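Structure first, then comments.
The values are calculated or read from the model by the stated rules, or taken from the named source; none is laboratory data. It should be emphasised that the depicted structure is a prediction, and the values quoted were computed from it without experimental measurement. Neighbour counts are summed over all protein chains in view; Cβ atoms, including those assigned to glycine, are modelled from backbone coordinates with ideal geometry. Only protein heavy atoms, including side chains, enter the accessible area calculation; ligands, DNA and RNA are left aside. Shrake-Rupley method; radii C 1.70, N 1.55, O 1.52, S 1.80 Å.
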Amino acid sequence: MAMAPSSSLPQVYPSHVVVAVWEWQDGLGIWHPYSATVCSFIEQHFVRQRGQHFGLGSLAHSIPLGQADPSLAPYIIDLPSWTQFRQNTGTMRSVRRHLFSQNSAPGQGIVWEWLGDDGSWVAYEARICDYLEQQVARGIQVVDLAPLGYNYTVNYATLTQTNKTSSFCRSVRRQVGPVYPVTSDIAVPRQMGLICFCQQCLHGSGTGPVSGRYRHSMTNLPAYPAPQAPHRTTTVSGAHQAFAPYNKPSLSGARSAPRLNTTNPWAAAPPVPGNQSLFHSSLSHLGPQLLPSGPSTSSGASASFPSGPSSSSPGSAPTTVPVQMPKVSRVQQALAEGAPKPEPEQVIRKYTEELKVAPEEDCIICMEKLAVASGYSDMTDSKALGPMVVGRLTKCSHAFHLLCLLAMYCNGNKDGSLQCPSCKTIYGEKTGTQPWGKMEVFRFQMSLPGHEDCGTILIVYNIPHGIQGPEHPSPGKPFTARGFPRQCYLPDSPQGRKVLELLKVAWKRRLIFTVGTSSTTGETDTVVWNEIHHKTEMDRNVTGHGYPDPNYLQNVLAELAAQGVTEDCLEQQ
């Protein structure tokens, strides 16, 4: 049964004594609770080691699950990295710890399960169990799981789960067993505590994993300036400085790289026609990939061409523009050329002014003096730009060899935009290499910790497996999309709604995800986050991906600004 990664409904703890549930995440992004016995064993180790400094690879912080359940003998949990490791295969899975009140379903030992295709019973993740109990206690016989991001209903009278898209039914059951472990340890780790090795944290860090409670609260990020285009300046310090989309060459690498291609880049193929489900807002970027066969969080596999910001009010759907698509192979679709884009030389000329006299300084791209030939003169073909031509960018006035700027541009997305490698000022509209998929927006009344005065916005991203295009690392080869649908949370406050609208812009510009190498698993040619942090958990901010986090909204605005997405973009729509 394909299900979305569940949301985490916030809890109110009347006392300092709660129960803890430990869960692991499979390859489809679904969370599975360990048994109450195993959770008790894990929690004992966790509490015992709480006050110690977690050193990566320290055996003292590895929890052998086989000691609690012999069937789990191959598995250990590494607390510093919050992963489950299978020793005989090397498979690594994320783990998490959730806290519930004692009168919750886990606190009473209640587990809901669904019947799998192989005849085995599979437990819902703990939040679903608790939500089902709450709804049934209120006398609701048919529970809709949409507020948690699921496309299912559960009928308590018939003990069935129904897929709202396909109407396929499965049996469910309610089991009562041992209660989950009671704990009084509800504090969030401090700076000396847990280290986050997720793709979001590692991708924007120049020094490796970031530790601490607010590892995603980069308070040193500058606010974007006005009226100049937003950028990140060289005065930013710390590990979260690497937001440039282009890799600077090494001193020895300028003349050893292969010759760069300056021809027109591939552009996206038009989306396929479709319709939109109601009761939520949906932004779809469905392109040449095929949708997976499993159920979706929306009512059917729908697609639309985004024509502007979608309304997020219940019962609304975005405008759709039908487009007829020829039947060609997936590889042909992925590699097909779209609308022509400006020649690379035209882009460089558009945003620079040629200098008659070269300044007495180095070109930070090739690391040669501006008064001598560009370090890329023997690698880049250009009839319009000579190796000695020097220019400065029109807004920030930083000077470079124009041939170096051309090489940098051709090594990027070649989307008609340019970003200063020194101060990160963006010229034009920056776009990314995000594969086609769907962004959906839901709203519900429950609050996030730290934002008790408003409801919650749920964003569901769904990207299927597909074929890489010319802008990706391995054109024509398949890429994987692990852990989708991915769910993210924002407070339904004025600032949260502003972040939502800017995320819609970033999604349309293909800036939320990219295809690359996962820093958590090492897998290549897979969809990964792209330097815009998201909160993927609702409740206790143990891993740094949840709430409360008082600096998150301001910092994600700065991250969006670093990608050229600011409030000015909303005014232009």
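Odds and ends about this structure:
- Label positions at Gln572 and Leu28, each projected 7 Å from the Cα along the C-beta direction, are separated by 4.1 nm.
- Each Lys or Arg adds one and each Asp or Glu subtracts one; over the other residues with Cβ under 9 Å from the Cβ of Gly564, this totals +1.
- Amide H contacts under 5 Å for Thr425, placed H, 5+ residues apart: Arg232, Cys420
- Listed by chain and number, the aspartates and glutamates placed with their C-alpha closer than 13 angstrom to that of Lys508 are Glu429, Glu440; residues fewer than eight positions away on the same chain are left out.
- Summing charges over all other residues whose Cβ lies under 12 Å from the Cβ of Leu159, with Lys and Arg as +1 and Asp and Glu as -1, gives +2.
- Shape category assigned to the range 431-573 from the gyration tensor of Cα positions, a/c cut at 1.5: prolate
- Ordering of 420-426, 348-354, 402-408 by packing is 402-408, 420-426, 348-354, highest average first (other Cβ atoms within 10 Å, averaged per residue).
- Computed from backbone phi, the HN-Hα couplings of the range 354-361 come to 6, 9, 6, 10, 6, x, 7, 7 Hz, rounded to whole numbers (Karplus: 6.51 cos²θ - 1.76 cosθ + 1.60, θ = phi - 60°; Gly and Pro given as x).
- J(HN,Hα) series, the range 137-144, from Karplus relation 6.51 cos²θ - 1.76 cosθ + 1.60, nearest Hz, glycine and proline x: 5, 8, x, 8, 7, 10, 9, 8
- Distance violations [Cα-Cα > 32 Å] among Lys395/Lys535; Lys383/Lys430; Lys477/Lys498; Lys341/Lys535; Lys164/Lys430; Lys164/Lys341: Lys395/Lys535; Lys477/Lys498; Lys341/Lys535; Lys164/Lys430; Lys164/Lys341
- Relative to the Cα centre, the charge distribution of the range 363-481, modelled as +1 at Lys and Arg Cβ and -1 at Asp and Glu Cβ, gives a dipole magnitude of about 240 debye.
- Here the 3J(HN,Hα) profile of the range 549-554, calculated from phi with Karplus coefficients 6.51, -1.76 and 1.60 at θ = phi - 60°, is 8, x, 9, 4, 4, 5 Hz, Gly and Pro shown as x.
- Taking amide H atoms as placed 1.01 Å from N in the peptide plane, the amide H of Met446 lies under 5 Å from those of Thr456, each 5 or more residues away in sequence or on another chain.
- Ligands, DNA and RNA are left out, and with a 1.4 angstrom probe the accessible area of the range 376-459 is 32 Å² per residue.
- Put a plus charge on the Cβ of each Lys and Arg, a minus charge on the Cβ of each Asp and Glu, and nothing anywhere else: the dipole of the range 416-573 about its Cα centre is then about 400 debye.
- Shown here for the range 378-418: trypsin sites (Lys or Arg not before Pro) in loop regions (DSSP other than H, G, I, E, B) with at most 11 other Cβ atoms within 10 Å, namely Lys383.
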